[in-house]
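K.L.:
The following block contains the structure, expressed as structure tokens.
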Amino acid sequence: MAILNYTTIIEPEQTISEIQKILSRHGVTAMMTEYDGPQVSAVSFQIKVDGKPMGFKLPCNHRAVREVFREQGVTSVKHKDKNIDNQAIRTAWRVIKAWIEAQMALVEINMVTVPQVFLPYAIMKDGRTLSEHVQSDPGFLLGSGN
């Protein structure tokens, strides 16, 4: 099965702008883009939860998309630059945007709150996200198993 949006020609900067607009309609009080070289590697944002700021970081792992392209034999690109690595970046951001749109639809019908949706991406005191913390220490959530 092909990756969602794998043929997109929309540049990452446009997609990131669209993501920021979506988030801004849902109580976000601050946003930041993070870079890995020339590429945006994450979008971070802040909302107030019980009057206190809470940060979230949405990473973009375009290298994982590139690997799936390789596994699926995707080699042609419709974009003018014809670069498969750049296509992986464009695709990764479009998939993130689609995911955010779906999550915000759940928020809009009051099934969940913004903090609930983005909980795995909450930035903890040590600067890591909750999901990064759990990955390095599964017992953090699961306990000792006793």
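The values are calculated or read from the model by the stated rules, or taken from the named source; none is laboratory data. Nothing here was measured: the structure is a model prediction, and the numbers come from that model. Quick reminder, even Gly has a Cβ in these numbers, built from the backbone with ideal geometry, and neighbours come from all protein chains shown.
K.L.:
Is there a residue being closer than 22 Å to E18 by Cα, surrounded by 14 or more Cβ atoms within 10 Å (Cβ to Cβ) and of a type in the set (S, T, N, Q) anywhere in region 110-124?
P.N.:
yes
K.L.:
Give me the residue from region 125-146 that is surrounded by 10 or more Cβ atoms within 10 Å (Cβ to Cβ) and farther than 25 Å from D50 by Cα and, out of that set, modelled with the lowest pLDDT.
P.N.:
It comes out as P138.
K.L.:
Separate question: Inspect region 3-11 for any residue being among the charged types (D, E, K, R) and closer than 21 Å to M104 by Cα and give the result as yes or no. Outline the logic, then answer.
P.N.:
Step one: of region 3-11, the residues among the charged types (D, E, K, R) are 11.
So of that shortlist, the ones also closer than 21 Å to M104 by Cα come out as none.
No, region 3-11 contains no residue that is among the charged types (D, E, K, R) and closer than 21 Å to M104 by Cα.
K.L.:
Being touching a Pro at 6+ places or on another chain (Cβ under 7 Å) and of a type in the set (F, W, Y) is the filter here, so list the residues in region 60-114 that pass it.
P.N.:
Taking region 60-114 first, the residues touching a Pro at 6+ places or on another chain (Cβ under 7 Å) are 89-90, 93.
Selection gives W93 alone.
K.L.:
Suppose we filter I96, I89 for residues that are buried (at least 19 other Cβ atoms within 10 Å of the Cβ), in contact with a helix residue (DSSP H, G or I) (Cβ under 8 Å, 6 or more places away or on another chain), within 23 Å of L130 (Cα to Cα) and among the β-branched types (V, I, T); which single one remains? Let's see the steps before the verdict.
P.N.:
Working: I89 fails: within 23 Å of L130 (Cα to Cα).
Only one candidate qualifies: I96.
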